[in-house]
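Q: Sharing a structure, written as structure tokens. Questions coming.
Read-outs: derived from the displayed coordinates by stated rules, not from any lab. Values in this document were obtained by computation on a predicted structure and should not be read as measured data. Backbone-built Cβ (ideal geometry, glycine too); neighbour counts: all protein chains shown.
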Amino acid sequence: MDREQVRDYIETALKTVRRDGMENLVRYLNESDFFTAPASAKYHLACEGGLALHTLHVLKVAERLNAEYEYVTSGDSVKIAAICHDFCKINFYVPSHDEPTEPQKRYLTSLLAKHRLQPPAMVDKGYASTLIDFLTKRYKPGMELPPYSPSYEIADGNPLGHGEKSLFIACAFIRLTTAEAQAIRWHMGYSDLNTQSPFQSIPYHQAINDNPLVSMLQIADMEASFMIERKK
């Protein structure tokens with residue numbers, strides 16, 4: 001799918017859910033950087049449009065899981081939880097233009113010369129790392145260099161946490177069900193350091209036991225991040 005198809009798919013999915021405030025939520029997504037932001041700074045889909053594409057992947061996997069388990073939760077709730085789970089990454093990343101380190105420059109220059117390749121016109125620290133990884137692990141004669149993609153760094157203007165911030169943003173536009181709120185809040189699973197606290201561990205495990213959407217969203221997020229989107 002191209003970027004506009006991803007946008008249309010997500011917007012259509014949201015608009016099929018009858019919920020007060022949905023039009024305002026869709027408008028907010030279009031006015032923010034949701035459809036152009038990366039999904040991470042340097043891991044899965046760290047590229048323009050990565051956040052929306054990741055959201056689409058999570059939505060599709062979650063819907064498949066819900067069907068496989070005979071629709072143990074509402075289809076509308078699956079859409080809401082999957083699409084809202086990473087709202088915390090909206091207006092969260094900014095392009096980074098750090099210069100490559102001197103060791104990076106020397107190593108990259110030697111690799112390009114070894115393979116008789118022309119140096120790219122623009123190389124920042126992140127792109128240099130991408131090129132070095134490509135040339136040392138995957139390059140074969142005749143292959144083209146990976147296209148330039150900006151590197152990103154975090155600039156969090158509202159540090160509320162991860163699931164908590166996604167929940168906060170979603171609730172500013174639509175009223176969530178208890179199942180949706182729990183799934184969004186706990187979608188990081190054991191990666192959320194809060195679950196290591198006894199005060200947070202108890203409600204986390206209660207949410208898992210009471211609400212199948214919590215586990216469904218965690219599994220969908222993991223499958224999207226580490227299987228569908230993993231670097232080749």
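Q: How large is the convex hull of the Cα atoms of region 79-206 per residue, expressed in Å³ as a whole number?
A: Working: hull volume 21.8 nm³, N = 128.
Roughly 170 Å³ of hull volume per residue.
Q: Then there's this: Within region 22-147, count lysine pairs with alpha carbon atoms under 25 angstrom apart where the residues are 8 or more positions apart or belong to different chains.
A: Summing the qualifying lysine pairs gives 19.
Q: Here is a further query. Exactly which trypsin sites (Lys or Arg not before Pro) in region 104-158 are in a DSSP loop and have at most 14 other Cβ atoms within 10 Å?
A: Values: sites: LYS105, ARG106, LYS114, ARG116, LYS125, LYS137, ARG138; in loops: ARG116, ARG138.
Loop-located and lightly packed - ARG116, ARG138.
Q: Same structure, new question: Quick check: the distance between the Cα centres of region 88-158 and region 161-232, to the nearest angstrom?
A: Cα centres, region 88-158 to region 161-232: 32 Å.
Q: Could you calculate the contour length gain from TYR148 to ARG175, that is, 0.36 nm times the residue separation minus the distance between their Cα atoms, to one decimal place in nm? List each step's numbers first, then the result.
A: Details: separation 27, 0.36 × 27 = 9.72 nm, distance 4.07 nm.
Gain on extension, TYR148 to ARG175, equals 5.6 nm.
Q: Let me ask something additional. Tell me whether region 1-74 comes out rounded, prolate or oblate; compute the Cα gyration tensor, take square roots of the eigenvalues as a ≥ b ≥ c, and use a/c under 1.5 as the rounded threshold.
A: Cα axes put region 1-74 in the oblate bin.
Q: So how strong a dipole does the chain carry about its Cα centre when Lys and Arg Cβ are +1 and Asp and Glu Cβ are -1, to the nearest 20 debye? Display every interim value, and only then the final one.
A: Numbers: 25 positive and 29 negative charges, 168 e Å.
Using Cβ point charges on Lys, Arg, Asp and Glu, the chain gives about 800 debye.
Q: Against the longest principal axis of the chain, how steep is helix 50-68, in degrees 0 to 90 to the nearest 10, with axes from Cα atoms?
A: That helix lies at roughly 50 degrees to the long axis.
Q: Evaluate the relative contact order of the chain (contact order divided by residue number), counting alpha-carbon pairs under 8 angstrom at least 6 apart; express in whole percent.
A: Numbers: 307 pairs, mean separation 58.2, N = 232.
So the answer I get is 25 percent.
Q: Given the options ASP86, ASP156, ASP20, state which has the largest fluctuation in a GNM of the chain using a 10 Å cut-off (strictly under) for Cα springs.
A: Comparing ASP86, ASP156, ASP20 in the GNM, the peak value goes to ASP20.
Q: I would also like to ask the following. Given H placed on each backbone N at 1.01 Å, which residues far from TYR93 in sequence or on other chains put an amide H within less than 5 Å of it?
A: Amide H neighbours of TYR93: ALA155.
Q: Where a Cα-Cα gap under 12 Å defines reach, which aspartates and glutamates qualify for LYS15, not counting those fewer than 8 residues away within the same chain?
A: List returned: GLU23, ASP76.
Q: Let me ask something else about it. Could I have the simple spin-label model distance between ASN24 and GLN118, label points 7 Å from Cα toward Cβ, reported in nm to one decimal?
A: 5.3
Q: In nm, to one decimal, how far is the modelled label at ARG106 from the one at ILE219, with both set 7 Å along Cα→Cβ?
A: Placing both labels 7 Å along Cα→Cβ, they lie 5.1 nm apart.
Q: Fully extended, how many nm does the chain gain between ILE132 and TYR190 (0.36 nm per residue separation, minus their Cα-Cα distance)?
A: Details: separation 58, 0.36 × 58 = 20.88 nm, distance 3.26 nm.
Once the chain is fully extended between ILE132 and TYR190, it gains 17.6 nm.
Q: Also: Name all residues of region 134-160 having a backbone nitrogen under 17 Å from the label point set 7 Å from the Cα of ALA41 along its Cα→Cβ direction, giving them as ranges.
A: Residues 150-160 qualify, since their backbone N sits under 17 Å from the label point.
Q: Using DSSP to define loop residues, name the trypsin sites (Lys or Arg not before Pro) in region 163-231 whose beta-carbon has at most 12 other beta-carbon atoms within 10 Å. Write down the numbers at each step before the final one.
A: Working: sites: LYS165, ARG175, ARG185, ARG230, LYS231; in loops: ARG175, ARG230, LYS231.
In loop regions of region 163-231 (DSSP not H, G, I, E or B), the sparsely surrounded trypsin sites (Lys or Arg not before Pro) are ARG175, ARG230, LYS231.
Q: Hey, another quick one. Please go through region 50-133 and write out the GluC sites (Glu not before Pro) that DSSP classes as loop and that have at most 16 other C-beta atoms within 10 Å. Let's see the in-between values first.
A: Working: sites: GLU63, GLU68, GLU70; in loops: GLU70.
Filter output for region 50-133: GLU70.
Q: Please turn the phi angles of region 131-138 into ³J(HN,Hα) values with the Karplus equation 6.51 cos²θ - 1.76 cosθ + 1.60 (θ = phi - 60°), one per residue in order, whole Hz, x for glycine and proline.
A: Going residue by residue, I get 5, 4, 4, 5, 6, 8, 10, 10 Hz, with x marking Gly and Pro.
Q: Expressed as an acute angle from 0 to 90° and rounded to the nearest 10, what is the orientation of the C-alpha long axis of helix 102-114 relative to the principal long axis of the chain?
A: Compared with the principal axis, the helix lies near 70 degrees.
Q: Given ALA121, PRO141, TYR107, which one lies farthest toward the positive end of the charge dipole of region 102-149, if we put +1 on the Cβ of every Lys and Arg and -1 on the Cβ of every Asp and Glu?
A: Value computed over the given set: PRO141.
Q: Would you work out the charge dipole size for region 134-180 about its Cα centre, treating the Cβ of every Lys and Arg as +1 and the Cβ of every Asp and Glu as -1, and quote it to the nearest 20 debye?
A: Charge dipole, region 134-180, about its Cα centre: 280 debye, nearest 20.
Q: Hey, if you drop one equal point scatterer on each alpha-carbon of the chain and run the Debye formula without solvent, what base-10 log of I(q)/I(0) do you get at q = 0.09, 0.10, 0.13 Å⁻¹?
A: One equal scatterer on each Cα of the chain leads to -0.44, -0.53, -0.82.
Q: Can I ask one more? Per residue of region 183-199, what does 6.51 cos²θ - 1.76 cosθ + 1.60 with θ = phi - 60° give for ³J(HN,Hα)? Whole Hz please, x for Gly and Pro, Karplus curve as stated.
A: Rounded to whole hertz, the list is 5, 5, 4, 9, 5, 7, x, 6, 6, 7, 4, 4, 5, 7, 7, x, 6.
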